[in-house]
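See below for the structure under consideration.
Derivation of every value follows stated rules applied to the coordinates shown; laboratory data play no part. Source: prediction; values computed, not measured. For neighbour counting, all protein chains shown are included, and Cβ atoms are generated from backbone atoms with ideal geometry for every residue, glycine included.
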Amino acid sequence: MKGRSAMNKVITSREELLAASKSIAASQGLAALNMRAVAAAANVAVGSVYNYFPSKAELVTATVQDIWRGIFHAAGGYAQAGDFCACVEWLFVSIRAGAAEYPDFLRAHMSGFAAQDRKKARQAMEEAFGHMRVSLEQVLERDEKVRPDAFGEELTRQQFVAFVFSSLMAGLAREDADCAVLLAVIRRVLY
């Protein structure tokens, strides 16, 4: 057809739109995500993007969730370990490597998004991190080197894992080269 732009005539899937969105996030950062950019990258009309993502906030949230899903999938084998320190170190390295593909991903995600998007972003972050904390608790439970008196009323396993995970993510957001200080604290508390 003359005079018409070459838009993709095939119905686009959510996965294709997320792939285009992640490509933009990888090349330009999360701040560059918007409906028009994703539509252009996927070679579809802007309305096609709105069919799957009614708002920019939902597009960004879904993109962030998909990025975390990819990072966690790559880091998935750590939960089988029985050495908590080795698991934390492996997780740090895996997340850092996975997030390196997306400029400022961790910093932008940890600091939140626009005010109207914060609630959704926070919910997405909690969903993404929730299963990681549960897995860390399981690894901690299997670690036979942990002192019997390491946990009690003042410090539970769940509280400790929450502290460790928060510290791990803060180090990643700061772009720390390693998590040696966190590992030293863990060793002092546990062993």
Report summary line: Once the in-chain neighbours fewer than 8 apart are removed, the aspartates and glutamates whose Cα is under 13 Å from Lys145 read Asp83
Report summary line: Here the gain from full extension of Asp83 to Val134, 0.36 nm per residue of separation minus their alpha-carbon distance, amounts to 16.8 nm
Query raised in the report: Residue by residue, what Karplus-based ³J(HN,Hα) values in Hz, rounded to whole numbers, does the range 154-161 have, using 6.51, -1.76 and 1.60 with θ = phi - 60° and x for Gly and Pro?
Result: 6, 8, 8, 4, 5, 5, 5, 4
**Report entry** Full-extension gain in nm, Asp149 to Ser167, via 0.36 nm per residue minus C-alpha separation
**Finding:** 4.2 nm
Report task. Calculate the spin-label point distance for Asp104 paired with Tyr191, positioning each point 7 Å from the Cα along the beta-carbon direction, and give it in nanometres. Result -> 4.0
Query raised in the report: Assuming R0 = 30 Å, what is the FRET efficiency of Arg157 and Lys119, from their Cβ-Cβ distance, to the nearest 0.05?
Result: 0.55
